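None of the figures in this text is laboratory data; all of them are computed from the coordinates on show. Bear in mind that the values here come from a model prediction, so they are computed numbers and not experimental data. Heads up, the Cβs are rebuilt from the backbone with ideal geometry, glycines too, and the neighbour counts pull from every protein chain shown.
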Amino acid sequence: MIEFKSVTKTYRDGTTAVHDLSLVIPSDKITVIVGPSGCGKTTTLRMINRMLEPTSGQITWDRNPLRNIRKTQLRREMGYVIQSGGLFPHRTVLENIQTVPHLLGWKKDRSQGRAEELLAMVGLESRLANRYPSQLSGGQQQRVGVARALAADPRVLLMDEPFSAVDPVVRADLHEQFLEIQRQVGKTIVMITHDIDEAIKLGDQIAIMRVGGVLAQVGSPQQLLEEPVDDFVAGFVGKDRGYRGLSFTSASGLPLGSVQLVRDAASARTDAPVLVVDENANPLGWADRTRPGQVQMLGTTFEPDTDTMRMALDSALNSPVGLAVAVAQNGRFAGVVTASQILDQVRHLKASVADAIAARAEADAARVEAEAARKEAESVRQEASRIAADADAEADEAARIEAAIKAAEEKEEQARSAEQAAAAKEAATTPAPTPTVEPEQEWTWDPAAEPKVGRTDAGDAETGDPRPGDSTAGDSNAGDAESHYR
Ligand SMILES: Nc1ncnc2c1ncn2[C@@H]1O[C@H](COP(=O)(O)OP(=O)(O)OP(=O)(O)O)[C@@H](O)[C@H]1O
């Protein structure tokens, strides 16, 4: 697999030939790069064998950056075919084909054997082996170019407009041959063309580029025909893309009807179409209604299991009675179908394709929504775990503070105990202080306030309080008075 990752190529004069190209070229398949003149096709191709280096981005081959692979090694493992073959004019056909084996130091016998083998593979007669390129037709030169590119059995084949210099008939022939070779060798092929028909015919995958070196769409031929992403692609794949699209739809689901079969056209006795068949029920032609006993041409037949709707429609349109004749693999008559039945089927399939596309679009939208929801959930989860981490940190901090408070209280308690112990010690060693006598409170006597009952001259009977002015009180009861008024 070759992968372009956001590759841009800007030439020294400031021309951006390829802009931010991301493209996967799968192994063992044909990828065709197609687009109008100057859209960057050749620049893209030349970056694959490092004839040009990207200005930015990266190209990998089986996940290895191309930058890490030596150019000489790269070019041995990648065959390169250009317009008109690009053959060396002073070397014969065989010598041209042996170019890379010669560079690799193969023994003469081996490289000559390989060249002869390839000559046959590309459909050239051995008598052409010693001719020079100028003695070959354009198509023959092109075949030699392909043979030369395949000589050292490279893993990748890069082809820059390989079939553009030959006429349409030769080109169609070369296409068939090329597809047959690919069936045999199964290389990873990257081909450039500006011809969308060629791209549709040959490509497993087509990359359409627009001027400015921007990839417009990549997909299978059928995808491009049925689901062009925009007007540029729709315009590029052509106005008759609906009809061409039939080439990718199998004829297997067509409803097949029956007709009368006869061995002898003369035995046809009805105005309805009658098919003349041989002893194995292989169709021969239609009984001619206007000339009894004569057989009208059959036109083309189709095999529902292997042929396409386009072939079935061709068969119906070419039929003198308007019926396409379906045959089994062994050629036996299988049934008939009209052009309008074929078109009904096509409309039905198109509606299913449209439904499938709509369903896919809905599924894509749901996937995008689910992805957004997943991202949202992820960010909420991250936020929650951040909050939890903060809460943990706060709890740690609170525990630290609590421990500090406790430690401080313990210290205070210790200090208090130490103070008390010190005070007790001091008290034990200090003599007891002499009790101090408080000065007597001044007393004024208010005779009006004195109660009238229970009073004796000796003092207050109830309280025992001495009367002020009692001259003996201060002398004989001095201790009691002190404790009383204190
Ligand atoms: N060496 C160069 N220096 C400056 N600009 C270049 C150089 N080579 C190509 N270009 C420009 O880069 C752009 C892409 O060229 P490129 O040859 O890759 O396109 P292309 O699609 O292969 O064209 P075409 O189909 O005509 O061969 C064009 O505008 C071309 O003029």
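Some points to look at:
- Over the C-alpha atoms of region 305-421, the Rg to Rh ratio, Rh being the Kirkwood estimate, stands at 1.82.
- Surface/4 of the Cα convex hull for region 140-179, nm²: 2.8 nm²
- Cα-based radius of gyration of region 98-140 once divided by 2.2 N^0.38 Å, which approximates compact folds: 1.22
- Distance between modelled label sites at Ala418 and Ala266, nm, 7 Å Cα→Cβ extension: 14.2 nm
- Residue-averaged [θ]222 nm for the chain, counting only DSSP H segments that reach four residues, each worth -39500 (n - 2.57): -13500 deg cm²/dmol
- Whole-angstrom Cα spans of region 223-359 along principal axes, big to small: 57, 24, 22
- Cα centre as origin, Lys/Arg/Asp/Glu Cβ charges: region 2-238 dipole, Debye: 1280 debye
- Antiparallel content of DSSP bridges confined to the chain, in %, to 5: 55 percent
- Within region 205-228, backbone nitrogen closer than 15 Å to the virtual label 7 Å beyond the Cα of Asp20 toward Cβ: 210, 212-217
- With the simple spin-label model, which puts each label point 7 Å out from Cα in the Cβ direction, the Ala363 to Ala388 separation comes to 3.6 nm.
- Kirkwood hydrodynamic radius of region 46-85, from inverse mean 1/r over distinct Cα pairs, in Å: 11.0 Å
- Taking amide H positions as modeled 1.01 Å from N, with prolines and chain starts lacking one, the residues under 5 Å from Thr308 and 5 or more places away or on another chain are Ala251.
- Taken over region 121-273, the alpha-carbon convex hull comes to 224 cubic angstrom per residue.
- Derived from the Cα gyration tensor, the three semi-axes of the equivalent ellipsoid of region 1-77 are 19, 15, 12 Å, largest first.
- Two-decimal Rg to Rh for region 178-267 - Kirkwood Rh, Cα set: 1.20
- Contour minus Cα-Cα distance for Ser247 and Thr429 (0.36 nm per residue): 53.3 nm
- In terms of distances greater than 29 angstrom between alpha carbons, the cross-link table entries Lys9/Lys375; Lys41/Lys187; Lys29/Lys108; Lys5/Lys187; Lys41/Lys201; Lys71/Lys108 yield Lys9/Lys375; Lys29/Lys108.
- Using the alpha carbons alone, the radius of gyration of region 2-238 stands to its Kirkwood radius in an Rg to Rh ratio of 0.97.
- Part-to-part distance (alpha-carbon centres) for region 249-302 and region 82-148, which is given in Å: 50 Å
- At q = 0.06, 0.08, 0.09, 0.12 Å⁻¹ the log10 of I(q)/I(0) for the chain amounts to -0.52, -0.78, -0.88, -1.18, computed by Debye summation with a single uniform scatterer per C-alpha, solvent ignored.
- Sequence-separation-based contact order of the chain, relative, with Cα cut under 8 Å and 6+ spacing, percent: 11 percent
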